[in-house]
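Read the structure below first, then the notes.
The values are calculated or read from the model by the stated rules, or taken from the named source; none is laboratory data. Being a predicted model, the structure only gives us computed values, none of them experimental. All Cβ positions, glycine included, derive from the backbone under ideal geometry; neighbour counts span all protein chains shown. Quick note on the areas: whole protein, heavy atoms, side chains included, nothing else; ligands and nucleic acids left out. Shrake-Rupley method; radii C 1.70, N 1.55, O 1.52, S 1.80 Å.
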Amino acid sequence: MSDRSSSRIPGRGGRPEAPRKRRRAMSVAAWSTAAVILVGGSGLGYVYARLNGNIMGIDINGRLGGDRPADIDNGSEDILVLGSDSRAGANREYGRASGARSDTAMIIHVYKGHKKASIVSIPRDTLIDRPACTDRKGRPVPAEPFAMFNSAYEVGGPVCAVKTVEKMSGVRMDHYLEVDFTGFKKLVDELGGVKITTTRPIDDSKSHLRLPAGTHTLDGEQALGLVRTRKSLGDGSDLGRIELQQAFVKALITQVRSVDLYTSPKKLYDLADTATRAITTDSELDSVNKLVGFADGLKHLTGRDVTMITLPVRYDPADPNRVLPIPSGTRQVWTALRQDRPIPPSATKDSAAGKEDTHIVKGG
């Protein structure tokens, strides 16, 4: 990818008009799904057999064909996880009732042996070279330089999102998982909330979250408020909010592992029903048996086994609302994933991400 810090097309990549509340709410969905699928899915297996009809699948492999990075069979797996508003009916309070957008994206790399994983968050406002795609009706969508990363899903849906990630990273995605954020707000409630500890008070007028310092068990609405919070922290950027999301997902992983899923058959069914209604997968995960088999291979992962970073970026000098990938850092990230190695700390040394004082939340 080219270095755009000194040259870019003025006016490109205008900020989407979708309300900020919906964009922020989307974030919790992606993090929630990562946690539940990584450590909770296998425990729901015996009731999932009744829930196949909830799962939506997309034949991404068939649509993309052979123009993809090599499929390296070394025991590792790479999964693209997106948060979206695609199942629009229940999402109206967070944005549009028609169309679909994705503003949260993570690449989960599960290492050989499935004992450790790395998660790379891609900021939605990252300027990238979007490849030519087709839209949801099969019509061609031309390539576009200097496009915001989240425009790939908007113009071409899941297939274009996967193609864009593969072109920018050189890493083949083994699976695709899309999360409906409203469903996963319900999931947090079904889990009995998520315990977090704040090291100082949070009072954010935009997210409407007010918490004193201390330990709290957040319900679904409060969890959405937490991951929407940015104005009261640092410079109010999305990069700072991603750090809050990363803290939340670790707390969520801890919560999922602590729930006894077998004490109440009704609770187990309700949790499975909520989870399967909230996801769209690639066609290799679009049944209960496939999804449970996938999750079973990840069941030993804990929060301590998952390393989370944000793609190394710097603010665009032409537009502080956009970020540009740092070529040296991103090369290190993608090379590490392709070679199934840990991401070196030097990859994020110069990144704008991780510099904000947002370390105020930890698992309870």
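Could you order peptides 325-333, 210-218 by the average number of other Cβ atoms within 10 Å of their residues, highest first?
325-333, 210-218
Can you tell me the length gained on complete extension of the stretch residue 350 to residue 132, counting 0.36 nm per residue apart and subtracting the Cα distance? Don't skip to the end; give the middle numbers.
Numbers: separation 218, 0.36 × 218 = 78.48 nm, distance 3.09 nm.
The span from residue 350 to residue 132 would gain 75.4 nm if fully extended.
Expressed in nm to one decimal, what extension gain is obtained for the pair residue 300 and residue 208 from 0.36 nm per residue of sequence separation less their Cα-Cα distance?
Length difference between fully extended and current span is 29.5 nm.
Please compute the net charge surrounding residue 282, taking Lys and Arg as +1 and Asp and Glu as -1 over other residues with Cβ under 11 Å from its Cβ.
Surrounding charge for residue 282 is -3.
Probe radius 1.4 Å, ligands and nucleic acids left out: which of 228, 63 has the largest accessible area, and how do the rest follow?
Ranking 228, 63 by accessible area, largest first, yields 63, 228.
Give me the number: length gained by fully extending residue 321 to residue 72, i.e. 0.36 nm times residue separation minus the C-alpha to C-alpha distance, one decimal in nm.
86.0 nm
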